[in-house]
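Below is one structure, written out as structure tokens; the observations come after it.
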Amino acid sequence: METQKQESAPGRIWMQQLVPLMHTPLWVCRADGGLTARYGGQSLGNDAPIFRNAFRRSLLIQGNRKKPVLAKTEDAVYAVLLDEVHEQTILAGPFRSIQPNWHEQFLAGVVLLWNLLTGESCSVSELDSTAPGTEQRMEKRMGDMIFDRQERQTLHNPYAKEQREQECIRLGDPEGLKRCVGETYEGEYGTLASNPLRQSKNLAVGVITLASRSAIAGGLSQELSFSMADGFIFEIEENLKDPIAVEQAAYQAQLAFAEAVHRKQSGTGFNPFVRKAKDYIFQNMHTKITVKEMAEQFHIHPDYLSALFKKTENKTITAYILEEKLNLCKNLLKYSNYSIQEISAYFAFPSQSYFTRQFKKSTGMTPLRYRQLMRKQ
């Protein structure tokens with residue numbers, strides 16, 4: 001039976017509910033790093049660092065009595081929450097941001113858990129506060145760069161050209177974008193890093209982020225646009241090692257956004273309910289989505305929503321949901337180490353066999369074969 005002191009801490013039900021919301025397991029530890037409770041983490045291999053007492057102790061020493069602390073390793077993030085009242089520490093992790101909005105949900109969960117533990121409030125922004133001296137270094141760097149440009153009499157790339165590029169994306173005009181990108185101009189991009197590859201990647205992240213926002217302004221689904229940006233940036237960060245290849249990839253991303261907006265605007269029409277439906281679908285990919293539940297969210301009849309969607313997208317809502325889920329499954333099969341069973345369960349397929357049938361029907365191969373082929377490339 002649990003003691004009274006344990007009962008005053010967040011209860012088992014709370015902890016179990018936080019695991020799927022935060023997309024990471026939770027571990028309750030003693031001061032020496034020993035485990036007293038565990039919630040989630042069944043999919044982790046036995047060789048995962050979190051199972052080692054020494055690793056847990058290395059996280060515990062980073063704890064702070066005043067607020068949660070984020071501890072970053074090579075491939076994951078852990079949150080460390082000291083609970084002095086109950087003489088324990090809660091570790092949240094290993095967390096890996098695989099899907100859009102997961103990072104925000106993880107941080108929000110950390111803030112909620114901290115409040116449950118201590119009764120104290122903490123904002124998400126406080127979790128990523130800058131290191132001492134950062135502000136002064138940034139001010140000095142900015143001053144040095146301004147002075148250097150004045151001495152060399154060089155200008156940045158023209159703002160008007162950047163605006164024309166974003167306008168082409170917003171209007172869904174790929175051909176106009178090609179002409180705009182090909183323009184010659186005076187000036188040069190600013191220095192964002194001393195390493196040429198890092199410089200190219202930083203510029204690419206900015207270009208893709210701007211393009212995604214312009215695409216949303218042009219009518220593309222917010223969640224689809226964010227997901228596209230996440231995918232392009234991840235590919236650039238993880239797999240491209242040449243500055244020229246990075247520059248080309250950023251340009252291809254811009255074109256992809258312009259073409260997506262063009263397809264959207266070239267359809268039979270735009271309807272705000274269809275856009276809301278797409279956003280709802282992207283936000284609930286890990287659940288079983290029904291037209292009835294969606295229609296209730298928008299206060300319209302399910303049949304009316306289905307007809308609007310079919311008219312605008314030339315496909316049923318069910319077909320669209322399956323198509324988008326399979327696209328996300330492809331990304332996980334290619335880039336993650338999650339098992340096929342875990343991927344199937346996460347996206348709420350009725351069974352692994354059903355997932356396999358639908359995947360093969362769409363791609364012509366099983367999920368396992370797809371993973372093997374993609375990893376050989």
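Observations
- Cβ-Cβ contacts under 7 Å between residues 6 or more apart (or on different chains), taken from a first residue in segment 309-321 that is crowded, with 18+ Cβ neighbours inside 10 Å to a second residue that is aromatic (Phe, Trp, Tyr) and in a helix (DSSP H, G or I), are listed as GLU313/TYR320; ILE317/PHE309.
- Elements of type helices (runs of 4 or more DSSP H) in segment 148-257, at least 3 residues being at pLDDT 85 or above and of a type in the set (Val, Ile, Thr): 196-217
- HIS286 being at negative phi, outside any helix (DSSP H, G or I), open to solvent by 40 Å² or more (accessible area, probe 1.4 Å) and touching a residue at least 40 places away in the same chain (Cβ under 8 Å): yes
- Listed by position, the strands (runs of 3 or more DSSP E) contained in segment 49-128 that have at least 2 residues being of a type outside the set (Val, Ile, Thr) and open to solvent by 70 Å² or more (accessible area, probe 1.4 Å) form an empty set.
- Verdict on GLU296 being assigned to a helix (DSSP H, G or I), in contact (Cβ under 8 Å) with a residue 40 or more places away in the chain and acidic (Asp, Glu): no
- Count of segment 334-369 residues which are part of a helix (DSSP H, G or I), farther than 19 Å from GLN42 by Cα and open to solvent by 60 Å² or more (accessible area, probe 1.4 Å): 10
- Hits in segment 223-235 - residues which are open to solvent by 30 Å² or more (accessible area, probe 1.4 Å), under 14 Å from GLN283 (Cβ atoms) and either touching a Phe, Trp or Tyr at 6+ places or on another chain (Cβ under 6 Å) or free of Cβ contacts under 8 Å to residues at least 60 places away in the same chain (or both): LEU224
- In the set (1) open to solvent by 40 Å² or more (accessible area, probe 1.4 Å); (2) at pLDDT 85 or above; (3) of a type in the set (A, V, I, L, M, F, W, C), PHE270 fails one condition alone, (2).
- Filtering segment 191-222 to residues that are open to solvent by less than 30 Å² (accessible area, probe 1.4 Å) and touching a Lys or Arg at 6+ places or on another chain (Cβ under 7 Å) leaves SER214, GLY218, GLY219, LEU220, SER221.
- MET374 vs. criteria outside any helix (DSSP H, G or I), touching a residue at least 12 places away in the same chain (Cβ under 8 Å) and on the phi < 0 side of the Ramachandran plot: no
- Members of segment 20-48 found to be assigned to a helix (DSSP H, G or I) and open to solvent by less than 40 Å² (accessible area, probe 1.4 Å), listed by number: MET22
The values are calculated or read from the model by the stated rules, or taken from the named source; none is laboratory data. Keep in mind that this is a model prediction, so the values were computed, not measured. Note that we place each Cβ from the backbone using ideal geometry, even for glycine, and neighbour counts take in every protein chain shown. Calculation scope for accessible area: heavy atoms of the full protein, side chains included, ligands and nucleic acids excluded. Shrake-Rupley method; radii C 1.70, N 1.55, O 1.52, S 1.80 Å.
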